[in-house]
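Asker: Dumping the structure here so I can ask a few things about it.
The values are calculated or read from the model by the stated rules, or taken from the named source; none is laboratory data. Keep in mind the model is a prediction, meaning the values are calculated, not measured. Heads up, the Cβs are rebuilt from the backbone with ideal geometry, glycines too, and the neighbour counts pull from every protein chain shown.
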Amino acid sequence: MARIIGGVGTTHVPSIGSAIAKGLQQDPYWRPFFDGFSVAHRWLAAEKPDVAVVFYNDHGLNFFLDKMPTFAIGAASDYRNADEGWGIPVSRPFPGDAALSWHIIEQVVADEFDVTTCQEMLVDHAFTIPLALLWPGADNRPVRTVPIAVNTVQHPLPSPGRCFKLGQAVGRAIASYPQDVKVLVVGTGGLSHQLDGKRAGFINKEFDAWCLDKLVADPAALARRSTLDIVEQAGTQGVELLNWIAMRGALTGHVRELQRNYHIPISNTASALLVLESEEPMELRKAG
Ligand code: DHB
Ligand code: FE
């Protein structure tokens, strides 16, 4: 049976892609951010997940404002990256896991989530940068992937509660997958940031800290808030937190916090990393 090893939430600011391309990881500006990933790297090297299921938001590369699915799940054998205008290098395609994708799609539709299924899907910085951060090295591809796009762009957005429930449905779907695969769940974006309008540059450290605490210990408290409340507290783009909430929903059992990093700013964004390991039920631990 498939097993979820845990979840990671990480920022996906495009300038991280330029920093990686220029090899600036040890530059004084970037170091506090990149150094934050040390434990995540050790953990992933030890656990060796086979698949990453990635909740992210498309930034106009694959879907535009004229057609915006609330939830879209990739069901392709690979996912091409294309230049969506940030000038960051285009990476080679990411391998998919179409069999797991279809299993997840069938299960979540049976669970009354009306998702858009994408047998072709381009992926943008919100997908490529987190994977490059978790598995550094040019075009490194140690996992197969299942992209799940959440609309955090064009209102009306799904509620935090709905995203949490989608994550729970995806978590149940993965747990019922008969193949013996280890799965990492990823949620990308955030934390607080606003790119335009009167509050451009807005960052809310207190709210971010509250969110990180709740993501670990009490995600239902986050799920009870409204989307507009999150926009107000975290900024118009800080609402990408919805992807983290979905990721947390997929971690159905107890979790242990392995790593947290919070650094202000990366570009105009409060950057964050949270690594959560799924705790195995006692019976499994004893049996193992
Ligand atoms: C920027 C873009 C993003 O998608 C994001 O999540 C944060 C920052 C930017 O353009 O700086
Ligand atoms: Fe973004």
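Asker: Let me spell it out: the conditions are (1) of a type outside the set (Ser, Thr, Tyr); (2) modelled with pLDDT of 95 or more; (3) outside any helix (DSSP H, G or I), and Asp196 meets all of them except one. Which number is the exception?
Answerer: Asp196 satisfies all of (1) of a type outside the set (Ser, Thr, Tyr); (2) modelled with pLDDT of 95 or more; (3) outside any helix (DSSP H, G or I) except (2).
Asker: If you don't mind, another one. Taking only segment 220-268 into account, find how many residues are part of a loop (DSSP other than H, G, I, E, B), of a type in the set (Val, Ile, Thr) and within 15 Å of ligand 2 (Cβ to nearest atom).
Answerer: Applying the first criterion (part of a loop (DSSP other than H, G, I, E, B)) to segment 220-268 yields 224-226, 235-237, 251-254, 267-268.
From the residues that got through so far, the ones that are of a type in the set (Val, Ile, Thr) too are 236, 252.
Among the residues that remain, those that are also within 15 Å of ligand 2 (Cβ to nearest atom) are: 236.
Going through segment 220-268 one residue at a time, the tally reaches 1.
Here's the yes/no breakdown for (1) closer than 15 Å to Val123 by Cβ; (2) within 18 Å of the chain's Cα centre (by Cα); (3) within 16 Å of ligand 2 (Cβ to nearest atom):
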| site | (1), (2), (3) |
| --- | --- |
| Gly7 | no, yes, no |
| His12 | yes, yes, yes |
| Lys22 | no, no, no |
| Gln25 | no, no, no |
| Arg42 | no, no, no |
| Val53 | yes, yes, no |
| Asp58 | yes, yes, yes |
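Asker: Just for segment 115-154: of the residues that are in a loop (DSSP other than H, G, I, E, B), surrounded by 15 or more Cβ atoms within 10 Å (Cβ to Cβ) and of a type in the set (D, E, K, R), which one is modelled with the highest pLDDT?
Answerer: Asp124
Asker: Please determine, by comparing only the residues of segment 172-225 that are more than 20 Å from Asn151 (Cα to Cα) and of a type in the set (Val, Ile, Thr), which one is farthest from ligand 1 (Cβ to nearest atom).
Answerer: Only one residue fits best here, namely Val181.
Asker: Here is a follow-up. Return the residues of segment 21-65 that are under 21 Å from Val275 (Cα atoms), touching a helix residue (DSSP H, G or I) at 6+ places or on another chain (Cβ under 7 Å) and within 16 Å of ligand 1 (Cβ to nearest atom); say none if nothing qualifies.
Answerer: Kept after step one, since they are under 21 Å from Val275 (Cα atoms), are these residues of segment 21-65: 25, 30-57.
Now narrow it down to the ones that are touching a helix residue (DSSP H, G or I) at 6+ places or on another chain (Cβ under 7 Å): 25, 30, 37, 40, 44, 51-57.
Result: Trp30, Val54, Phe55, Tyr56, Asn57.
Asker: In contact (Cβ under 8 Å) with a residue 60 or more places away in the chain, more than 16 Å from ligand 2 (Cβ to nearest atom) and buried (at least 20 other Cβ atoms within 10 Å of the Cβ), is that true of Phe37? Lay out the reasoning, then the answer.
Answerer: Working: in contact (Cβ under 8 Å) with a residue 60 or more places away in the chain: yes; more than 16 Å from ligand 2 (Cβ to nearest atom): yes; buried (at least 20 other Cβ atoms within 10 Å of the Cβ): yes.
Yes: the conditions hold for Phe37.
Asker: Would you confirm whether any residue within segment 249-256 is under 26 Å from Pro49 (Cα atoms), of a type in the set (Gly, Ala, Ser) and touching a residue at least 40 places away in the same chain (Cβ under 8 Å)?
Answerer: Taking segment 249-256 and keeping what is under 26 Å from Pro49 (Cα atoms), we get 249-256.
Then keep just the ones that are of a type in the set (Gly, Ala, Ser); that gives 249-250, 253.
With the extra rule that they be touching a residue at least 40 places away in the same chain (Cβ under 8 Å), the set shrinks to 249-250.
There is at least one residue in segment 249-256 that is under 26 Å from Pro49 (Cα atoms), of a type in the set (Gly, Ala, Ser) and touching a residue at least 40 places away in the same chain (Cβ under 8 Å).
Listed here are the residues, each with its yes/no results for (1) surrounded by 15 or more Cβ atoms within 10 Å (Cβ to Cβ); (2) within 21 Å of Asp124 (Cα to Cα); (3) modelled with pLDDT of 95 or more.
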| residue | (1), (2), (3) |
| --- | --- |
| Ser192 | yes, yes, yes |
| Lys205 | no, no, yes |
| Ala221 | no, no, yes |
| Ile230 | yes, no, yes |
| Arg248 | yes, no, yes |
| Ser271 | yes, yes, yes |
| Val275 | yes, no, yes |
| Glu283 | no, no, no |
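Asker: Scan segment 85-105 and give yes if some residue there is farther than 24 Å from Ile16 by Cα, over 18 Å from the mean Cα position of the chain (by Cα), surrounded by 15 or more Cβ atoms within 10 Å (Cβ to Cβ) and without any contact (Cβ under 8 Å) to a residue 24 or more places away in the chain, otherwise no.
Answerer: Yes, segment 85-105 contains at least one residue that is farther than 24 Å from Ile16 by Cα, over 18 Å from the mean Cα position of the chain (by Cα), surrounded by 15 or more Cβ atoms within 10 Å (Cβ to Cβ) and without any contact (Cβ under 8 Å) to a residue 24 or more places away in the chain.
Asker: Would you mind telling me which numbered condition in (1) farther than 23 Å from Asp35 by Cβ; (2) away from ligand 1 (no atom under 12 Å from the Cβ) Gly238 fails?
Answerer: (2)
Asker: What helices (runs of 4 or more DSSP H) completely inside segment 1-114 contain at least 2 residues that are of a type in the set (Phe, Trp, Tyr)? Walk me through it before giving the result.
Answerer: Numbers: elements: 14-22, 31-34, 38-47, 98-110.
Answer list for segment 1-114: 31-34.
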